[in-house]
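**Q** The structure follows.
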Amino acid sequence: MYKLMSCLLILLLMMVSCSQPVPEEPNQYHLIPLPQKVVTREGKFHLKADTKIILTQQSEETGPISEFLRQFLKEATGHDLEIMHSSKPENGSIFLTLDPSQTAPEGYTLKVDTEQVTISAKAAAGLFYGVQTMRQLLPVAVEGPASHDAIIAIPNVAIEDTPRFSYRGMMLDVARHFYTVDEIKQFIELLVMHKMNIFHWHLTDDQGWRIEIKKYPKLTEIGAWRKETRVGHAGDGSSRYDGKRYGGFYSQEDIKEIVTYAKKKFVTVIPEIEMPGHSQAALAAYPKLACNPGPYEVSTTWGVHKEVYCPKEEAFGFLEEVLKEVFALFPSKYIHIGGDECPKDRWKECLDCQTLIQKEGLEDEHELQCWFITRMEKFINDHGRKIIGWDEILEGGLAPNATVMSWRGVKGGIEAAKQKHDVIMTPTSHCYFDYYQSEETDKEPLAIGGFLNVQKVYSYEPVPDELTGDETKYILGAQGNVWTEYIPTYEHVQYMVLPRMTALSEVVWSDKQNRNWDDFKERLKVQLKRFDAAGINYAKHSLTKPSAGNEKNQ
Ligand code: ACM
Ligand code: ZN
């Protein structure tokens, strides 16, 4: 009997100790992107109803961070924590403090002890990222509304962290399909979860102009609406259309709301106004901006279109007025001017274009495109901003201060860096999240083509081997692109970006030598549970091969 009792006691003790394991390996915290340095500790901090958030330096930038944390914890736990302003930590508090002795502009340290949580950073952005890491130390259920009135434990840990790249971006095309203001905010929330900091907003294209410009109301009266949309894949040989008018646009008030929303979360919104190509929707509204009189219609199908701006004074005047309104709406240092996929057919046939080529002593239409971009760059630089363009802007000569977005592979990025121009890497091979994520395409929703799974994204190295020493500093970072020809709903956007974006977040944040696919895969399993808790859609089969009978649509 005595023996039995002692056995039961030992078993009970084992069960108790098993139920509260102390994490020993950094990855047991399941943090993504992986921080630079994680030191595990024994014990836990208990977050309760009387836990205080103490913010040392209240400012326009830090205020929203404590507010974010308060709101997040309120939704997750039901506890509405008090925010205090004080320079001293207190036991039982979450202490947020700026520390000028730290050097990394976006770095932070996070210390969880049984008594208190301390997040310190050189600047507000780092504090915000520290809060995001703390969020991942909480149980998965906090991402949903499930754990009300819970006492939540945060495992003790000491973390030092800073991102590898300053540009950690995601592009969303809202021209091919339109997403609501609320959905754009949800997209920004995805960036926040992944410590990404650039939302590249592709606002204009052949199939829709999506930004209100007060001086040119027809851009949204006419240019934001197409009479119908191509059904099926553009290359499938059929020509079926759905017969449904489609469109939408963001008012200037909507845009201000989104830019302000993003700013509070340390996300910069970079607008893209396409020129000289991908401009048919603008030409439908104002045909006189083209080489020929038109009329033109907002495109109803996908692909590269021949109708482009004519490089004449009228078109430059228009673009400059548009950009003045864009400058007023977007405080970002960069304005993206597109520059990709501009067929030269119309310029070859246009007398004005040919006269201009002669007058300016240009070699051909490629040099005319360079002349066009350089002229627009000057205007943009004169207004204190810088341009980003797709890698076609290298053809015919690079505008003097341009940043290049390398998408047709990495060649453009290498060439630009060697010319001492900043570069953002976004090659189709690793960064095009409109590609299929499985080789069994018949089990996937219709996509543009290609194949890019999460493991391949994870394997991406943004700094090409061809660059040496000083040249590597021109690689500012990388970006995932979501072109939306075949992505009609926001739920489908989530499916396409997750978890590929999760993999990319580690590529752009974490140290190269710390990256390990097998380790990431384990952490990703927990991250997927967070998406489940938050009701966020993702490619469920991303870590397994889809089997027969898998749901075709998500
Ligand atoms: C692009 O994919 N046309 C930049
Ligand atoms: Zn012309």
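**Q** Does segment 463-471 contain at least one residue that is farther than 24 Å from Val192 by Cα, in contact (Cβ under 8 Å) with a residue 12 or more places away in the chain, of a type in the set (D, E, K, R) and in a helix (DSSP H, G or I)?
**A** Among the residues of segment 463-471, at least one is farther than 24 Å from Val192 by Cα, in contact (Cβ under 8 Å) with a residue 12 or more places away in the chain, of a type in the set (D, E, K, R) and in a helix (DSSP H, G or I), which makes the answer yes.
**Q** Please enumerate the residues belonging to segment 229-253 that are more than 14 Å from His177 (Cβ to Cβ), part of a loop (DSSP other than H, G, I, E, B) and acidic (Asp, Glu).
**A** Across segment 229-253, the qualifying residue is only Asp236.
**Q** Do you know which of the residues in segment 403-441 that are of a type in the set (Val, Ile, Thr) and away from ligand 1 (no atom under 12 Å from the Cβ) is farthest from Asp470 (Cα to Cα)? Break it down into steps so the answer makes sense when it comes.
**A** So in segment 403-441, the residues of a type in the set (Val, Ile, Thr) come out as 403-404, 410, 414, 423-424, 426, 428, 441.
Next, only the ones that are away from ligand 1 (no atom under 12 Å from the Cβ) stay: 403, 410, 414, 423, 441.
Details: Thr403: 17, Val410: 18, Ile414: 13, Val423: 13, Thr441: 42 Å.
Among them, the one singled out is Thr441.
**Q** Only one of Ile337, Ile270 is within 16 Å of ligand 1 (Cβ to nearest atom) and either surrounded by 23 or more Cβ atoms within 10 Å (Cβ to Cβ) or part of a helix (DSSP H, G or I) (or both). Can you tell me which? I'd like the intermediate steps shown before the answer.
**A** Working: Ile270 fails: either surrounded by 23 or more Cβ atoms within 10 Å (Cβ to Cβ) or part of a helix (DSSP H, G or I) (or both).
Result: Ile337 is the single residue among Ile337, Ile270 that is within 16 Å of ligand 1 (Cβ to nearest atom) and either surrounded by 23 or more Cβ atoms within 10 Å (Cβ to Cβ) or part of a helix (DSSP H, G or I) (or both).
**Q** Can you work out which of the residues in segment 342-386 that are of a type in the set (Asp, Glu) and surrounded by 15 or more Cβ atoms within 10 Å (Cβ to Cβ) is farthest from Pro331 (Cα to Cα)? Walk me through how you get there before you give the answer.
**A** Within segment 342-386, the subset of a type in the set (Asp, Glu) is 345, 349, 352, 360, 363-365, 367, 377, 382.
Next, from what is left, pick out any that are surrounded by 15 or more Cβ atoms within 10 Å (Cβ to Cβ): 365, 367, 377.
On the way: Glu365: 33, Glu367: 31, Glu377: 17 Å.
Here the answer is Glu365.
**Q** Please specify each residue of segment 283-293 satisfying the condition of being surrounded by 16 or more Cβ atoms within 10 Å (Cβ to Cβ) and within 15 Å of ligand 2 (Cβ to nearest atom).
**A** Within segment 283-293, the first condition is being surrounded by 16 or more Cβ atoms within 10 Å (Cβ to Cβ), and the residues that meet it are 283-286, 289-291.
Listed by number, the residues that qualify are Leu283, Tyr286, Leu289, Ala290, Cys291.
**Q** Given (1) outside any loop (DSSP other than H, G, I, E, B); (2) at pLDDT below 95, where does Ala399 come up short, assuming only one miss?
**A** (1)
**Q** Go through segment 388-399 residue by residue and tally those that are more than 11 Å from ligand 1 (Cβ to nearest atom) and in contact with a Ser or Thr (Cβ under 7 Å, 6 or more places away or on another chain).
**A** 2
Listed here are the residues, each with its yes/no results for (1) hydrophobic (A, V, I, L, M, F, W, C); (2) free of Cβ contacts under 8 Å to residues at least 12 places away in the same chain; (3) touching a Ser or Thr at 6+ places or on another chain (Cβ under 9 Å); (4) more than 30 Å from Ile388 (Cα to Cα).
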position: Thr109; (1), (2), (3), (4): no, no, yes, yes
position: Thr114; (1), (2), (3), (4): no, no, no, yes
position: Ile119; (1), (2), (3), (4): yes, no, yes, yes
position: Pro139; (1), (2), (3), (4): no, no, yes, yes
position: Glu143; (1), (2), (3), (4): no, no, no, yes
position: Ile159; (1), (2), (3), (4): yes, no, yes, yes
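**Q** Here's another thing I want to ask about it. Name the one entry in Tyr261, Tyr296, Tyr241, Tyr250 that is buried (at least 18 other Cβ atoms within 10 Å of the Cβ), modelled with pLDDT of 95 or more and over 13 Å from Thr204 (Cα atoms).
**A** Values: Tyr261 fails: buried (at least 18 other Cβ atoms within 10 Å of the Cβ); Tyr241 fails: buried (at least 18 other Cβ atoms within 10 Å of the Cβ); Tyr250 fails: over 13 Å from Thr204 (Cα atoms).
Answer to the selection: Tyr296.
**Q** For segment 295-353, give me each residue that is away from ligand 2 (no atom under 16 Å from the Cβ) and hydroxyl-bearing (Ser, Thr, Tyr).
**A** If the condition is that a residue be away from ligand 2 (no atom under 16 Å from the Cβ) and hydroxyl-bearing (Ser, Thr, Tyr), then Ser299, Thr300, Thr301, Ser332, Tyr334 are the ones that fit.
**Q** Sticking with this one: Which residues, counting only those in segment 192-204, are closer than 15 Å to Arg530 by Cβ and outside any loop (DSSP other than H, G, I, E, B)? Walk me through how you get there before you give the answer.
**A** Within segment 192-204, the subset closer than 15 Å to Arg530 by Cβ is 192-195.
Listed by number, the residues that qualify are Val192, Met193.
**Q** Listed residues Tyr486, Tyr460; which is in contact with a helix residue (DSSP H, G or I) (Cβ under 7 Å, 6 or more places away or on another chain) and in a loop (DSSP other than H, G, I, E, B)?
**A** Numbers: Tyr486 fails: in contact with a helix residue (DSSP H, G or I) (Cβ under 7 Å, 6 or more places away or on another chain).
Matching residue, one of Tyr486, Tyr460: Tyr460.
**Q** Among all residue pairs at least 6 apart or on different chains, which show Cβ distances below 9 Å where the first residue, located in segment 405-417, is in contact (Cβ under 8 Å) with a residue 60 or more places away in the chain and on the phi < 0 side of the Ramachandran plot and the second is away from ligand 2 (no atom under 16 Å from the Cβ) and of a type in the set (Ser, Thr, Tyr)?
**A** Pairs found: Met405/Thr426; Trp407/Thr426; Trp407/Thr428; Trp407/Tyr432; Gly413/Ser406; Gly413/Thr426; Gly413/Tyr474.
**Q** What residue, among those in segment 300-317 that are over 23 Å from His366 (Cβ atoms) and more than 16 Å from ligand 1 (Cβ to nearest atom), is farthest from the chain's Cα centre (by Cα)?
**A** Gly317
**Q** List pairs: first in segment 376-396 and on the phi > 0 side of the Ramachandran plot, second within 16 Å of ligand 1 (Cβ to nearest atom) and outside any loop (DSSP other than H, G, I, E, B), Cβ under 6 Å, 6+ apart or cross-chain?
**A** So the pair list comes out as Gly396/Gln369.
**Q** A follow-up question, please. Pairs, please: C-beta under 7 Å, at least 6 apart or cross-chain, first residue part of a helix (DSSP H, G or I) and in segment 347-374, second within 16 Å of ligand 1 (Cβ to nearest atom) and of a type in the set (A, V, I, L, M)?
**A** Qualifying pairs under 7 Å: Ile373/Ile337; Ile373/Ile393.
**Q** Looking at segment 191-201, is at least one residue modelled with pLDDT under 95 and in contact with a helix residue (DSSP H, G or I) (Cβ under 7 Å, 6 or more places away or on another chain)? Before you say what the answer is, go through the steps one by one.
**A** Looking only at segment 191-201, we keep the residues that are modelled with pLDDT under 95, and these are none.
No, because not a single residue in segment 191-201 is modelled with pLDDT under 95 and in contact with a helix residue (DSSP H, G or I) (Cβ under 7 Å, 6 or more places away or on another chain).
The values are calculated or read from the model by the stated rules, or taken from the named source; none is laboratory data. As the structure is a prediction and not an experimental result, all values here were calculated from the model. Quick reminder, even Gly has a Cβ in these numbers, built from the backbone with ideal geometry, and neighbours come from all protein chains shown.
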